[in-house]
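Shown next, in structure tokens, is the structure this report addresses.
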Ligand SMILES: *Cc1c(COP(=O)(O)O)cnc(C)c1O
């Protein structure tokens, strides 16, 4: 298996060579030269596999430059009942016959990003140990991604994490989740400013190539290919759990932001998993729903991006979308280059009058959007009808999934976070706060470890340099 760029300007590379970034030098995203094809006979033997064995079968098709034994060991220490709450890792909950919730948020930070990030932590540590290199991960977060990255990288050899967050602007729960980590290799930096200031600093430091190279600066952003690969596994797992035989088809409803989760569903479909529909759900930030219903992709400016009660889906451009469009235009990189020239100038592109747009249907994609009122209503009704409490993001997926349900096709809705993280909206929906999962009861009372800095790239660089010298 080798990887090329969606913009055609990268010589084919091995998995380990694209692992640490995902963005190729020509500005495109790494993508497999072709998707592995799973035969009906193979799919039959996969039906009864446990999560770890299934993960090995799938990951080994994409990662052929790590030995089978080592890959098995990495998977075995990643997907454990201890880290994900059960041996099933992604348990399927049935609301009623033909309607299910796939539990993706039982990891350490109670959000689905843990599934990929925990694997990434172990893959990074493994490759760095081989080469003897070090990695300083620099990131900006307004909540979920940062804590997921910190919980995945804590205690890992050769890796430090420097995570910028807007001082005093995250929820108390999110702040406590990150700042209570006491590991020596985790550095929480509260920046006097807003999230955009944090992101600007990350950009400024990354654009200082001399500093970047000499301090081994890297990132763990959502375009990392290994994160997509890790997410393919639970589409297979969810399919097997919701069906009796491989003759059946299943639809998946996916609350979407950066198009990472549903991109993994697309790859699973291309590999031969019998998926009827991939139902893409957005919140009020509906740039992706707009594309799938009209053929026009019109990324928004930061100013146009709304703050919603499903905040992890508040995106203005979907960073993984380019991978899907690459397949849509029959893998013609020159077309991707032309389309993204528009995007990078802040403009839209329109595929509606091209033959490519018809392929959206062939790929099984349909879409819809949700909003605050629909989200609250869905949470309330799901609680009343099934006695199941879902979070605001999952509610967006379920709302759109229900609207797209067909007779005799099971609908599997992805649960991307736990209700406990969004107490305010849950209280609005059901009249009381959600219960805290075990181990999180006194989170806000734990001692916190962080520094506060002014929003200047120079100060952050100095701090990174100091820590690299002393730890
Ligand atoms: C990140 C996130 C999403 C969006 O997933 P994408 O892969 O960016 O489409 C949805 N829900 C939650 C809770 C998330 O953290």
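The values are calculated or read from the model by the stated rules, or taken from the named source; none is laboratory data. Computed from a prediction, not measured in an experiment: that's the story for all the values here. No Cβ is skipped: glycine too gets one built from the backbone with ideal geometry, and neighbour counts run over all protein chains shown.
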Search result, residues across the range 155-169 that are touching a helix residue (DSSP H, G or I) at 6+ places or on another chain (Cβ under 8 Å) and surrounded by 15 or more Cβ atoms within 10 Å (Cβ to Cβ)
156, 158, 159, 160, 161, 162, 163, 164, 165, 166, 169
Has the range 329-348 got any residue that is in contact (Cβ under 8 Å) with a residue 60 or more places away in the chain, within 23 Å of the chain's Cα centre (by Cα), assigned to a helix (DSSP H, G or I) and surrounded by 21 or more Cβ atoms within 10 Å (Cβ to Cβ)?
yes
Residue count, the range 434-471, condition in a loop (DSSP other than H, G, I, E, B) and either touching a residue at least 60 places away in the same chain (Cβ under 8 Å) or within 27 Å of the chain's Cα centre (by Cα) (or both), comes to 16
Just a yes or no: is a residue in the range 169-176 in a loop (DSSP other than H, G, I, E, B), in contact with a strand residue (DSSP E or B) (Cβ under 9 Å, 6 or more places away or on another chain), touching a residue at least 60 places away in the same chain (Cβ under 8 Å) and more than 25 Å from residue 211 (Cα to Cα)?
no
Take residue 118 and decide whether it is over 26 Å from residue 25 (Cβ atoms), within 16 Å of the ligand (Cβ to nearest atom), in a helix (DSSP H, G or I) and touching a helix residue (DSSP H, G or I) at 6+ places or on another chain (Cβ under 6 Å).
yes
Taking the range 143-162, which residues are away from the ligand (no atom under 11 Å from the Cβ) and part of a loop (DSSP other than H, G, I, E, B)?
154, 155, 156, 157, 158
Answer yes if at least one residue in the range 230-249 is near the ligand (Cβ under 10 Å from one of its atoms) and either under 13 Å from the mean Cα position of the chain (by Cα) or at positive phi (or both), and no otherwise.
yes
Against the condition away from the ligand (no atom under 12 Å from the Cβ), in contact (Cβ under 8 Å) with a residue 24 or more places away in the chain, more than 18 Å from the chain's Cα centre (by Cα) and within 18 Å of residue 346 (Cβ to Cβ), how does residue 316 come out, does it pass?
no
Checking the conditions here, which among 423, 419, 455 is touching a helix residue (DSSP H, G or I) at 6+ places or on another chain (Cβ under 7 Å) and within 16 Å of the ligand (Cβ to nearest atom)?
419
Quick check on my filter: what residues within the range 193-222 are away from the ligand (no atom under 16 Å from the Cβ), assigned to a loop (DSSP other than H, G, I, E, B), touching a residue at least 40 places away in the same chain (Cβ under 8 Å) and under 23 Å from residue 304 (Cβ atoms)?
193
It is to be established whether one or more residues within the range 100-113 are more than 16 Å from the ligand (Cβ to nearest atom), assigned to a strand (DSSP E or B) and either crowded, with 18+ Cβ neighbours inside 10 Å or more than 14 Å from the chain's Cα centre (by Cα) (or both).
yes
Selection from the range 33-68 of residues that are touching a residue at least 40 places away in the same chain (Cβ under 8 Å) and not in a loop (DSSP other than H, G, I, E, B)
40, 43, 44, 46, 51, 54, 55, 58, 59, 61, 62
Spot the failing condition for residue 352; the list is (1) touching a helix residue (DSSP H, G or I) at 6+ places or on another chain (Cβ under 9 Å); (2) surrounded by 15 or more Cβ atoms within 10 Å (Cβ to Cβ); (3) at pLDDT 95 or above, and only one is missed.
(2)
Tally, over the range 291-309, of residues that are assigned to a helix (DSSP H, G or I), loosely packed, with under 14 Cβ neighbours inside 10 Å and touching a residue at least 24 places away in the same chain (Cβ under 8 Å)
2
If you take the residues of the range 252-276 that are crowded, with 24+ Cβ neighbours inside 10 Å and in contact with a strand residue (DSSP E or B) (Cβ under 6 Å, 6 or more places away or on another chain), which of them is nearest to residue 395 (Cα to Cα)?
255
